[in-house]
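Structure first, commentary second.
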Amino acid sequence: MILRERIDIPADKTFDICIVGAGASGLTIASDFAGGRVSVCVLESGGADAIPTANDLSAGESTGLTYAELDTCRLRGLGGSTQALGWGGLCKPLDEQDFAVRPWVRHSGWPFGREHLLPYYRRAQKTLGIADVEALGQRQPLFPGRSDIISVDHLELCRHNRPGKRLRHALESAENVSILLHSTLLYLSFDEHKRTVGSAVVKNGADETIHIRARTFVIAAGGIENARLLLLSGGPGSDDRTAGRFFMDHPRFSIGTLVPANGSVLKTLNALDRIRIARGQRIRDALSYTRQRPYLVNGLTLPADLQQREELLNYRAWLEPCFIGQDTAKLQAMKEKLLAYREQRLHGVEAKSAVRAAGKEGLVSWTWLMHLVRPSSLLRSFRLLHIVEPEPEPESRVMLSNKKDRFGLPMVNLRWQLSGKTIDSVMRTITILGSELTKTGLGKLIVKPEEMSGFDKPMWTWHHMGTTRMHADPSQGVVDTQCKVHGTDNLFVAGSSVFPTAGNDTPTFTVVALAHRLADHLLQVVRG
């Protein structure tokens, strides 16, 4: 691999495959070809440093529901959003119901079922360091014998959540793979018939405009940028009747306090504390401690058959422990400070300065001490953080803005919207959980009236999906079942932008599985 900021490529050089983006999808595909005869070029807008660069190119405007600053939503650089300050490593395959056509969910259904993707999930299991993909996602009653409704689904914290670091050595030693850092795709150049991409027009680290030629192109630049690049390129994938539409993110709502009926119920619920489990993993990794058992995390959910009977969207809730003497408002303010710190770091501010900019007030307090130590003896209740599958909504979309980036190209305009069905589903789910807790004597869910009035201000999870959705019908999707852009001969899309539906959280595992699947197909394409 040639890992450089600038490289002189002969004018007559044509790669077999050009991949745009060195994130989870792009690196997975490249690694599947490493050491072989297929020549691969990977274009990466950022660098190889721990702190991402070029994030300003992700900036844009939001004209829908309130959303995070777009230049903090995705990380550019080797590893993409799986770099530090990015992905936390939680993995779970999509559920069987996520692939199915559900009459009560508009635009639902994948072109294939979960069973088709299972072999690629197994390969993603090895890529990300997962113990047992078969066990993940299975739903079980949390209180067997007392409630068949209150359930958990299983997730795992993977061992290899930084694929940029893990795959780097193998890619560096592969003579057939070239990764060009600080190389930003401006647009794709089509032939006169607008069916075949001839070259990628790129601005390199020396501010030169170069053309990268390849027989096959893959856009793997993230759920928002994939759509933007198609729109900028003006080919078949730029039809605004499909391109950029169906933008999805998992909305989050902090609603309700779960008060357990007794110590036994409290202990069972406390085992669902994902922060404590993740913290234990990070500490052991820092100490180079090898643990054989996987780090499993359980989320609160409902049985799939109940969701079907009630015509609900998929769902998970995280439990956030509440301790004696803790101030909920202060805790939320502290979390916002941590988020502000992250944003400062992504804007290139050094760590010490970022702490000062975010504010240190209140970080040394009883509330913060409880959040850090999490003593079981002082635990009394749990806040519920509800995460719901968004119903695919065509008016939730990515468009081109009138504002321009530093290369003079239109930035993105994100219009995030949620359907009424999405809001109704989470409200109904909260009601079912509260009723079941009371009915079974397991506890009670206390929901203040004002909490139910905040559905127009959801939080986000930085999961960008659906903007180049997969569908066999070109009028309903941007890519076909093989992730090839409809109407083109040699242009493919990788990543969560091809998801027709979103599931109940954690898309990265499926992203990597789909990347392995696409790599297999590309090998057939290259061989002719």
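The values are calculated or read from the model by the stated rules, or taken from the named source; none is laboratory data. Because the structure is a prediction, the values reported are computed rather than measured. All Cβ positions, even for glycine, are placed from backbone atoms using ideal geometry, and neighbour counts span all protein chains on display. Each accessible area value is taken on the protein alone, full model and side chains, heavy atoms only, with ligands, DNA and RNA left out. Shrake-Rupley method; radii C 1.70, N 1.55, O 1.52, S 1.80 Å.
Observations on the structure shown:
- Among 278-289, 259-270, the peptide with the highest mean count of other Cβ atoms within 10 Å heads the list, and the full ranking is 259-270, 278-289.
- Spin-label pair ASP12/LYS267, simplified geometry with 7 Å Cα→Cβ offset, distance in nm: 7.6
- Computed FRET value (nearest 0.05) for GLU192 with LEU85, which takes r as the C-beta separation and R₀ as 41 Å: 0.40
- Point-to-point label distance, TYR289-LEU378, nm (Cα→Cβ direction, 7 Å offset): 2.2
- Packing, taken as the mean count of other beta carbons within 10 Å per residue, orders the peptides 108-115, 443-450 from highest to lowest as 108-115, 443-450.
- Förster radius 25 Å - calculated FRET efficiency between LYS330 and ILE446, Cβ distance, rounded to 0.05: 0.80
- Amide H to amide H, with H built 1.01 Å from N, GLY60 comes under 5 Å of LEU70, ASP71, counting only residues 5 or more places away or on other chains.
- Per residue, the average separation of C-alpha pairs within less than 8 Å and at least 6 apart gives the chain a relative contact order of 25 percent.
- Summing Lys and Arg as +1 and Asp and Glu as -1 over all other residues whose Cβ lies under 10 Å from the Cβ of SER58 gives a net charge of -2.
- GLU96 paired with ASP49, simple spin-label distance in nm, labels 7 Å along Cα-to-beta-carbon: 5.0
- Counting only protein heavy atoms and a 1.4 Å probe, the chain has 42 square angstrom of accessible area per residue.
- Close amide H pairs (under 5 Å, H built 1.01 Å from N) link VAL152 with GLN140, LEU142, THR301, residues at least 5 positions away or on another chain.
- Taking each of LYS92/LYS484; LYS330/LYS457; LYS92/LYS439; LYS203/LYS404 in turn, the alpha-carbon distance tops 22 angstrom for LYS92/LYS484; LYS92/LYS439.
- Among (1) 37, 35, 22; (2) 42, 29, 20; (3) 39, 25, 22, the entry that matches semi-axes √(5λ) of the Cα gyration tensor in Å as calculated here: (3)
- Counting only DSSP beta bridges with both residues in the chain, the antiparallel share comes to about 70 percent.
- Loop sites in region 305-341: chymotrypsin sites (Phe, Trp or Tyr not before Pro), DSSP, at most 11 other Cβ within 10 Å: none
- Along region 169-182 the Karplus relation, 6.51 cos²θ - 1.76 cosθ + 1.60 evaluated at θ = phi - 60°, assigns HN-Hα couplings of 4, 4, 6, 5, 8, 8, 5, 8, 10, 10, 10, 9, 7, 6 Hz to successive residues, with x for each Gly and Pro.
- Applying 0.36 nm per residue to the separation of ARG279 and PHE112 and subtracting their alpha-carbon distance, the gain on full extension is 56.5 nm.
- Note on the chain: helix-only mean residue ellipticity at 222 nm, from DSSP H runs of 4+ residues weighted -39500 (n - 2.57) and normalised by residue number, equals -9000 deg cm²/dmol.
- GluC sites (Glu not before Pro) restricted to region 146-207 and DSSP loop, no more than 15 other C-beta within 10 Å: GLU175, GLU192
- Neighbour net charge for SER419 - beta-carbon separation under 12 angstrom, K R +1, D E -1: -3
- Proximal charge balance of SER151 [Cβ under 13 Å; K/R count +1, D/E count -1]: -2
- Peptide packing: for 240-246, 454-460, the average count of neighbouring Cβ atoms within 10 Å per residue gives the ranking 240-246, 454-460, highest mean first.
- Per-pair calculated FRET efficiency, R0 = 22 Å: LYS404 and HIS211 via Cβ, rounded to 0.05: 0.50
- Label-zone membership for region 384-401, site THR63, 7 angstrom Cα→C-beta point, backbone N under 20 Å: 393-401
- With an a/c value of 1.5 or above and a/b larger than b/c for the gyration tensor axes a ≥ b ≥ c computed over the alpha-carbon atoms, region 171-274 is described as prolate.
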